[in-house]
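Worksheet: the structure to be examined is printed underneath.
The values are calculated or read from the model by the stated rules, or taken from the named source; none is laboratory data. Since the structure is predicted, the reported quantities are computational estimates derived from the model, not experimental observations. Here the Cβ positions follow ideal geometry from the backbone for every residue, glycine too, while neighbour counts run over all protein chains shown. The accessibility values were calculated without ligands, DNA or RNA, using every heavy atom of the protein model including side chains. Shrake-Rupley method; radii C 1.70, N 1.55, O 1.52, S 1.80 Å.
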Amino acid sequence: MPLRNISLLLTLILSSLSHHNRSSNFNLFNPLPFHSHTHHRSSMKIMVAIKRVVDYAVKIRVKSDKSGVETQNVKMSMNPFCEIALEEALRIKESGLASEVVAVTMGMKQSVDTLRTGLAMGADRAIHVETSGQLYPLSVAKLLRALVELEKPGLLILGKQAIDDDCNQTGQMVAGLLNWPQGTFASKVVLDKEKQVVTVDREVDGGLETLCLDLPAVITTDLRLNQPRYATLPNIMKAKSKVIKKFTPQDLNVEIKSDIEEVQVTEPPKRKAGVIVSSVDELIDKLKNEARVI
């Protein structure tokens with residue numbers, strides 16, 4: 001081949017290379033253009049606090065000495081609001097915005113069963129702070145603060161309240177102790193990792209309130225946030241063999257004490273039988289003169 005033709009051919013190849021380099025990635029040893037896809041997996045950790053309570057379907061019985069509620073031989077389960085909190089954390093992780101979900105609980109040895117339910121639902125790890133006496137919200141908040149300082153999550157999610165005591169205090173207290181922003185009664189959660197913020201919708205008396213919180217933050221969940229999943233049988237079996245990390249309050253340098261004393265627990269008064277009225281006038285008369293509501 002004449003030298004001139006070879007020179008022309010080289011010029012054409014170099015021109016083609018230049019074009020490909022401008023338009024896309026180019027491999028000299030494989031002249032077909034290729035596109036590189038890099039998946040950046042989030043490294044944010046989510047901590048979820050869960051509580052073991054008397055199952056919501058069980059009829060509550062007060063102890064004969066009125067010192068509390070009967071829990072012996074009673075079905076126990078995860079607090080429904082805590083299930084919603086865990087479900088939301090799992091959904092955030094499945095969307096690629098978090099790398100790990102850690103379930104934590106405080107209480108007696110039996111609380112481990114509730115943690116295993118959390119692991120079966122999809123939590124990656126579980127932590128149990130073993131205590132013997134009754135825990136009140138401030139003590140739980142202090143234990144959670146210690147665990148947060150240890151684990152350093154980017155988000156702490158709790159149920160808005162437990163159905164056994166209805167306190168609705170722990171999330172607010174731990175946010176105050178950590179000096180983190182808080183979004184309570186969340187009915188929608190949207191995480192933006194690039195901006196390092198989380199948007200929370202809250203149902204309030206006047207309608208819907210939307211908050212934008214800087215991360216790290218504390219969120220407490222309301223009923224309408226999601227529908228928790230059921231743990232599958234294979235995951236339940238796997239959860240039984242998973243190691244649960246244990247602490248005591250002493251390990252976390254937290255002193256468990258309370259300035260609250262439960263004086264007495266009583267059942268609500270028995271509801272009186274209804275009365276059938278024969279006319280609207282009789283109904284109005286009873287509402288006005290007997291019930292005194294109008």
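Quick notes on this structure:
- Residue match in region 228-237 (condition: loosely packed, with under 13 Cβ neighbours inside 10 Å, within 26 Å of the chain's Cα centre (by Cα) and either under 30 Å from Asp166 (Cβ atoms) or in contact (Cβ under 8 Å) with a residue 24 or more places away in the chain (or both)): yes
- Residue check for Met78: assigned by TED's automatic domain parsing to the domain that holds Arg224 and buried (at least 21 other Cβ atoms within 10 Å of the Cβ): yes
- Residue in region 103-117 that is more than 30 Å from Arg61 (Cβ to Cβ) and open to solvent by less than 20 Å² (accessible area, probe 1.4 Å) present: no
- Residues that are within 20 Å of Gly107 (Cβ to Cβ) and not hydroxyl-bearing (Ser, Thr, Tyr), drawn from region 42-60: Met47, Val48, Ala49, Ile50, Lys51, Arg52, Val53, Val54, Asp55, Val58, Ile60
- Residue count for region 44-85 under the criterion of being part of a loop (DSSP other than H, G, I, E, B), over 20 Å from Leu135 (Cα atoms) and of a type in the set (Gly, Ala, Ser): the result is 2.
- Residue in region 274-284 that is touching a residue at least 60 places away in the same chain (Cβ under 8 Å) and more than 22 Å from Thr114 (Cβ to Cβ) present: no
- Residues in region 81-96 that are out of contact with any helix residue (DSSP H, G or I) (no Cβ under 7 Å at 6 or more places or on another chain) and open to solvent by less than 50 Å² (accessible area, probe 1.4 Å): Phe81, Cys82, Ala85, Glu87, Ala89, Ile92, Lys93, Gly96.
- Counted residues, region 268-292 - those being open to solvent by 100 Å² or more (accessible area, probe 1.4 Å) and assigned to a loop (DSSP other than H, G, I, E, B): 10
- Residue in region 212-226 that is open to solvent by less than 50 Å² (accessible area, probe 1.4 Å) and over 29 Å from Ile50 (Cβ atoms) present: no
- Scanning region 134-158 for residues that are farther than 15 Å from Thr220 by Cα, part of a helix (DSSP H, G or I) and open to solvent by less than 30 Å² (accessible area, probe 1.4 Å) gives Ser139, Leu143, Ala146, Leu147, Val148, Glu151.
- For region 192-211, a tally of residues being in a loop (DSSP other than H, G, I, E, B) and open to solvent by 70 Å² or more (accessible area, probe 1.4 Å) returns 5.
- Residue that is over 19 Å from the mean Cα position of the chain (by Cα), farther than 19 Å from Arg91 by Cα, in contact (Cβ under 8 Å) with a residue 40 or more places away in the chain and part of a loop (DSSP other than H, G, I, E, B), where the choices are Val263, Val254, Val243: Val254
- Qualifying residue in region 230-237 (condition: in a loop (DSSP other than H, G, I, E, B) and modelled with pLDDT of 95 or more): no
- Restricting attention to region 55-71 and to residues that are closer than 25 Å to Ala120 by Cα and open to solvent by 20 Å² or more (accessible area, probe 1.4 Å), the residue that is modelled with the highest pLDDT turns out to be Tyr56.
- Residue in region 169-188 that is within 19 Å of Arg52 (Cβ to Cβ) and not β-branched (Val, Ile, Thr) present: yes
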